[in-house]
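The block underneath contains the structure these notes are about, expressed in structure tokens.
The values are calculated or read from the model by the stated rules, or taken from the named source; none is laboratory data. Given the structure is predicted, the values throughout are model-derived calculations rather than measurements. Cβ sites come from the backbone with ideal geometry, for glycine too, and all protein chains shown count toward neighbours. Please note that ligands, DNA and RNA were not included when accessible areas were found on the heavy atoms of the full protein model with its side chains. Shrake-Rupley method; radii C 1.70, N 1.55, O 1.52, S 1.80 Å.
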Amino acid sequence: MITFENVTKIYESAGQQVKALDEVDLHIEEGEIYGVIGFSGAGKSSLVRCVNLLERPTSGNVIVNNQNLQCLSPKELREAKRHIGMIFQHFNLLNSKTVFTNVAMPLLLMKQSKKEVEQRVYELLEFVGLRDKAADYPDQLSGGQKQRVGIARALATQPSVLLCDEATSALDPQTTESILKLLKRINQAYNITILIITHEMGVIREICDKVAVLDQGKVIESGSVFEVFAQPKTEIAHDFVSTVMQDDIPESVHQLIQSQSSTNRIYRIVFVGDSAGAPLLSQIAKRFDVEVNVLFGSITELQGTPFGNLIVKFEGDAKEINRVIMDINQQEVTVKEVLEDAG
Amino acid sequence: MLVDWNQILAALGETITMVAISLLFATVIGLTLGILLVVTRKGHLWENAAVFNVLNAIVNVFRSIPFIILMVAVIPFTRLLVGTSIGTAAAIVPMVLFSGPYIARLIENSLLEVDPGVMEAAQAMGATPRQIIMRFLIPEALSSLLLGLTIATIGLIGASAMAGAIGGGGLGDLAITYGYQRFDTIVMIITVAILVVMVQGLQTAGNILSRKVRRR
């Protein structure tokens, strides 16, 4: 649906060159919710703006709906943009126009008939839950309501792609959640491919299927949200994961780790799925001659599925503990990783 | 001392005519120049350094010439346009040349205040440059544009007073020739009072209109 091929974007300001995107390759499948996370200045905004050519790549191709937008004439490009909706951090609504006119704007630009416009706008306002606000002005609305208007406006032309540029960064946590739910609903109801740019790992955890980590214009890590949460390969990805999932070992546990011996060993178990964690440990306690002691744990939810991280102490005969580890390693379905935290 | 009210009314009519007609032409020129000064800027819709620099320089030149000198300097041009260099119609030509570039600057300022995010949204939804100007830029700046035009109108009333120097007529002319040069204090006070009321009224009307446009 969206493909980045070797995309580089260089800005020149005051004789200095800044590389906002550095040979980015990315592929987003139809119907996916794809998140791109990074710190400010990592190039996220440039990345999303290269999709609808608000910014033109310095080199490389961006292909949307099997079209290389850079090869289109201005007229064809405007037509193509109708299939790409976009919402913004600061909503970017027309403050001088009512909610109705704001949502109607893309249709008015296409010179649709009054009747068609009216029907579509009320349908959209109904969908985002703002039908009764049609005659209001944006400054009478809350941030969440403004973003709903922005979403309705972006959907007016029935796009196949929705770009979200830090769409929840100016909102409080409750509002963020309701907007994310709405995005998920849009994705499911209309099969719209959604590209989300954010610096909040919570957003990725909440609704994304896949994630790419951007740092200094490069995609340093990408994969399914499960993969990246379970096994972040880079330090930055790990840092982002730990903002929503406490997985650093607390100081008190560190002391225990230092005191471990061959008959008293500590492991980290990462698991996915609601039946994974506790039964595994209770089975081990039954089947093997070891004491199982959970020292520390955190569980978060990834797309409705629990995702856990346990620090567990096994006490018993060294050979018996090795058998336990071998057993856990065979249960690949539920156990993502068993790490020996050697001191 | 008798006050000739008919004379004062006639002068008021001349002032209103001069200001209204100059404002009309100056707004057309100012709006065009103002929009061009914004959209030819770096990073804008029709980025064009040459056009921007030339327009910018022209506006600055006209803005730096004192009105009284401009009036005399453009006499040949005025004669070419309206066939005479004396009278109300003749005064309108320098007033337009004086006010147009001023309005261009005011409009440029108002348009630059429009949130760049709104422009970005317009581009993202595939608006043509013309649509961006007419449906996004101007409506969003309208409230501020109206305040700018109010200032420009009041400036034109001031300029119209000086037009008396070329026999332009109007209240300012009356105040200078009768009030100042003939020591007719009462006429001077009356004309000045009328001017004060006009300016007050205009500013109030401008403020109300601007507020109305801002929201409903």
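Pairs exceeding a 28 Å alpha-carbon distance, out of A:Lys184/B:Lys42; A:Lys75/A:Lys210; A:Lys81/A:Lys181: A:Lys184/B:Lys42; A:Lys75/A:Lys210. When +1 charges are put on Lys and Arg Cβ atoms and -1 charges on Asp and Glu Cβ atoms, the dipole computed for the stretch A:1-91 relative to its Cα centre reaches about 420 debye. Long hydrophobic helices in chain B: the complete DSSP H runs spanning 20 Å or more by Cα along their own axis with mean Kyte-Doolittle hydropathy of at least 0.5 are B:5-39, B:49-64, B:88-112, B:138-162, B:185-214. Relative to the longest principal Cα axis of chain A, at what angle does helix A:99-109 sit, 0 to 90 degrees, rounded to 10? Between the helix axis and the principal axis of chain A, the angle is about 70 degrees.
Find how many whole Å separate the alpha carbon centroid of the stretch A:1-66 from the alpha carbon centroid of the stretch A:288-332. Rounded to whole Å, the Cα centres lie 41 Å apart.
Summing Cβ point charges (Lys, Arg +1; Asp, Glu -1) relative to the Cα centre of the stretch A:2-244 gives a dipole of roughly 980 debye.
Bridging of A:Lys19 to aspartates and glutamates at a Cα separation below 12 Å is possible for A:Asp215, once same-chain residues fewer than 8 apart are set aside.
Comparing B:Gly206, A:Ala285, A:Val64 along the charge dipole axis of the protein assembly as shown, the residue lying farthest to the positive side is B:Gly206, per the Cβ-charge model. Cross-link candidates for A:Lys111: which aspartates and glutamates have Cα within less than 14 Å, leaving aside residues fewer than 8 places away along the same chain? Result set, ordered by chain and number: A:Glu79. What a 1.4 Å probe finds exposed on chain A is 45% carbon and sulfur by accessible area, rounded to a whole percent.
Accessible surface area normalised per residue over the stretch B:57-211 is 45 Å², counting heavy atoms of protein chains with a 1.4 Å rolling probe.
Rounded to the nearest 100 Å², what's the accessible area chains B and A bury against each other, both chains counted, probe 1.4 Å? It comes to approximately 1900 Å² buried between B and A.
Going through the stretch B:18-84, which trypsin sites (Lys or Arg not before Pro) have at most 14 other Cβ atoms within 10 Å and a DSSP loop state?
B:Lys42
For the stretch B:120-216, the list of chymotrypsin sites (Phe, Trp or Tyr not before Pro) that fall in a loop by DSSP and count at most 11 other C-beta atoms within 10 angstrom reads B:Phe183. Counting, for every residue in A:83-92, the Cβ atoms of other protein chains within 10 Å of its Cβ and taking the mean gives 4. The residues of the stretch B:119-163 listed by number as losing at least 50 Å² of accessible area in the complex, against the isolated chain and with a 1.4 Å probe, are B:Glu120, B:Ala124, B:Met125, B:Gly126, B:Gln131, B:Arg135, B:Glu140. Solvent exposure of chain A, expressed per residue, is 46 Å² of accessible area, with all protein chains present and a 1.4 angstrom probe.
Roughly how big is the protein assembly as shown's charge dipole about its Cα centre, with Cβ charges of +1 (Lys, Arg) and -1 (Asp, Glu), in debye to the nearest 20? Dipole of the protein assembly as shown, to the nearest 20 debye: 2560 debye. Selection among A:Thr157, A:Phe229, A:Gln112 by position relative to the dipole of chain A gives A:Gln112 as farthest towards the positive end (Cβ unit charges, Cα centre).
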